[in-house]
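Working notes, structure below.
The values are calculated or read from the model by the stated rules, or taken from the named source; none is laboratory data. Quantities reported herein were computed from a predicted structural model and do not represent experimental measurements. Neighbour counts run over all protein chains shown; Cβ positions are idealised from the backbone, glycine included.
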Amino acid sequence: MGDVLSQSEIDNLLSQLSAGEFDPDGSVDTAEKSVKEYDFARPSKFSKEHLRTLVFIFEHYARLLATNLPVYLRKNVQVEVLHSEATTYSEFANALSNPVILGIISADPLNGNFIIEVADSIGFAMLDRMLGGGGNPLEKSRDFTDIELSILEKILMICTEHLIEPWQSVVDISPRLEQIETNSQFAQFISPNEMTSIITMNIKIGSVEGLMNVCIPFTCLEDVIDKLNTKYWYATLQSSSDNIYRDAIESAISKASIPVRALLGHSMISVNDFVNLSPGDIIKLDTKVDDELEVYVGNLKKFYALPGASSESYAMRITSVIREE
């Protein structure tokens, strides 16, 4: 049974009705429905979360390029991820200029190909550097020669190899450079209406700057799209990063060369005696034959040892380790 109105409430409603302040037909509020536009020509297959995770992956890739490219170019290289966006492949292809450097990369077990586009200014700067120049771009753009394409192919192969590590947190891929295309008119490797993610990076070689775009079609990531989220990426990265970086650090340290020297003793002689030293002279030290010698690793005293010989070489036998904070 509904609530019973008092006489004062009835009088109040009648006064509002007569004054036009109350609409009996609109007394029931209905929630306004919101309409969201959907473009069937450009379906939103990549969410913001997917694009954000791709930025994290390629930030790792950018650090690898900035570390390894200077080894070949012998010049400082800076790589920075600018942004990522979802667009159709036709829009990406229409924005290409001539000449262009397109590296077509297969990434088994993923379907389809990655496409890496490098600005021609960066390409000519790399070529100039590899051929002994200062790394300057051309004043007027031109087509690449066969020799230049062969050199660029080696550089792109290096860039391709470094895709393995950043993607390990999502899927283990085996990238391979399939071909290089320099004419944008023949860059029809994907259906024009296929949705792609474009990751844009800025590369600076010395004073020369240019863009590098990585185009990844949705069909290529469809099987692993659920793993392209920051929660999964961070969880996988955290579980594997400790062992990976520990092994990398141990491997790097194991190859380091550190000087090790043993101090036989001390002696004080005059400058005149030092100047007149000749073969066969004896210098008296402040240590005895059976005394332990101090062994230095770098500039740190780390061991005590006894002198000896091994085959035809002098040697030291460690007797104790000096453990200090």
Scan segment 138-155 and tell me whether some residue there is over 21 Å from Val79 (Cα atoms) and within 19 Å of the chain's Cα centre (by Cα). no
Out of the residues in segment 268-299 that are touching a residue at least 12 places away in the same chain (Cβ under 8 Å) and within 23 Å of Ala256 (Cβ to Cβ), state the one that is surrounded by the fewest Cβ atoms within 10 Å (Cβ to Cβ). Gly298
Among the residues of segment 83-116, which ones are more than 14 Å from Asn183 (Cα to Cα) and either surrounded by fewer than 15 Cβ atoms within 10 Å (Cβ to Cβ) or among the acidic types (Asp, Glu) (or both)? His83, Glu85, Glu91, Asp108, Pro109, Asn111
Determine which member of the set Ala119, Ala93 is touching a strand residue (DSSP E or B) at 6+ places or on another chain (Cβ under 6 Å), aliphatic (A, V, I, L, M) and in contact (Cβ under 8 Å) with a residue 24 or more places away in the chain. Ala119
Could you list, ordered by first residue, the pairs with Cβ atoms under 7 Å in which the first is in segment 69-83 and over 18 Å from Thr160 (Cα atoms) and the second is of a type in the set (Ser, Thr, Tyr), at least 6 apart or interchain? Leu82/Thr200; His83/Thr200
Mind telling me which of the residues Lys140, Lys154 ends up being touching a helix residue (DSSP H, G or I) at 6+ places or on another chain (Cβ under 9 Å) and either basic (Lys, Arg) or not assigned by TED's automatic domain parsing to the domain that holds Thr219 (or both)? Lys154
Which residue out of Glu165, Glu178 is assigned to a strand (DSSP E or B) and closer than 25 Å to Glu222 by Cα? Glu178
